[in-house]
Every structure is written in C-alpha cells, then in structure tokens.
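Read through the structure below, which is laid out as structure tokens, and then see the notes.
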Amino acid sequence: MEAKAQARYVRVTPQKARRVINEIRGMRALAAVDLLKFAPQAIATDVKKILESAMANARYAAEQANERFDDADLIVTAAYVDEGPTMKRIQPRAQGRANRILKRTSHITVIVGDEKKGA
C-alpha cells in the first residue's frame, strides 16, 4: 500500500528543507519519525507532521481496501522538496537605495509504501 502527503507553500528555503528530507529518504517510517522528533532543524517538525499524515493516509487506504496494515512495514519510498513561489520584499538601504529580500517557499512531498513492494 502506497500513500502520499504533501505540504505546499511552507515558509522555508528548499535548500534547508532538503537537508532534513535527505536524511529520512529510504528509512523505515517509524524510525524516521523518531529521527525527526530530535532533529535540531526547525523544519523537522513540519516534515514529521507530513510523514505522520502520509502514514495515516496509508492506514486509511488499507482499511478501505480491507488489507492488513502494520506501521512497522512502512518505509519512506520517496521524499522530495520542490521550490514554491518566492515573495519579493524590499529593504531600505543608505542613500535612497534598496536591497531585494527573497522569501522563499517550498512544496514538500513524502511518499510511504510497503516494504514488500518497495524492495
């Protein structure tokens, strides 16, 4: 059983989000939740919520299909971060000049699947 969860327009740069996502890709889902619980990066809490949502989606899909389900069998088959829209802001500088500030956003996707189908 494969399930997906996605968070769009998350206010973090894609580069920072990829640092966390790269750590959990290919891991067992329960171990990835434990890793994210203690990760020092701020985005780890958002990624943990997305991963738990994907696990809940897999549980719901299994119940609808009347299949056996166990959280321990789930692995993170795919996890990636796409760049969302960038908000442009202006910061005043000396002598009437202005600097542009780029506030980047990310679209984070996590896909979990069965160990049997993933291997």
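The values are calculated or read from the model by the stated rules, or taken from the named source; none is laboratory data. The structure presented is a predicted model; accordingly, all values stated were derived computationally and were not measured. All Cβ positions, even for glycine, are placed from backbone atoms using ideal geometry, and neighbour counts span all protein chains on display. Areas reflect the complete protein model, heavy atoms only, side chains present, ligands, DNA and RNA absent. Shrake-Rupley method; radii C 1.70, N 1.55, O 1.52, S 1.80 Å.
Just one of (1) touching a residue at least 12 places away in the same chain (Cβ under 8 Å); (2) farther than 13 Å from Arg28 by Cβ fails for Ala98. It is (1). Residue pairs whose Cβ atoms lie under 7 Å apart, sitting 6 or more positions apart in sequence or on different chains, and linking a residue in segment 26-40 that is in contact (Cβ under 8 Å) with a residue 12 or more places away in the chain to a partner that is exposed (fewer than 13 other Cβ atoms within 10 Å of the Cβ), are Leu30/Ala72.
I'd like to know if segment 71-81 contains one or more residues that are within 15 Å of the chain's Cα centre (by Cα), among the polar types (S, T, N, Q), open to solvent by 50 Å² or more (accessible area, probe 1.4 Å) and over 30 Å from Ile101 (Cβ atoms). I'd like the intermediate steps shown before the answer.
At the first step, the residues of segment 71-81 found to be within 15 Å of the chain's Cα centre (by Cα) are 75-81.
From the residues that got through so far, the ones that are among the polar types (S, T, N, Q) too are 77.
Now narrow it down to the ones that are open to solvent by 50 Å² or more (accessible area, probe 1.4 Å): 77.
When the remaining residues are screened for being over 30 Å from Ile101 (Cβ atoms), the result is 77.
Yes: segment 71-81 contains one or more residues that are within 15 Å of the chain's Cα centre (by Cα), among the polar types (S, T, N, Q), open to solvent by 50 Å² or more (accessible area, probe 1.4 Å) and over 30 Å from Ile101 (Cβ atoms).
Can you name every residue in segment 25-40 that is under 17 Å from Val12 (Cβ atoms) and within 13 Å of the chain's Cα centre (by Cα)? Correct list: Leu36 only.
Assess whether Glu83 counts as being at pLDDT below 95 and under 26 Å from Leu36 (Cα atoms). Here the answer is no, as Glu83 does not meet what is asked.
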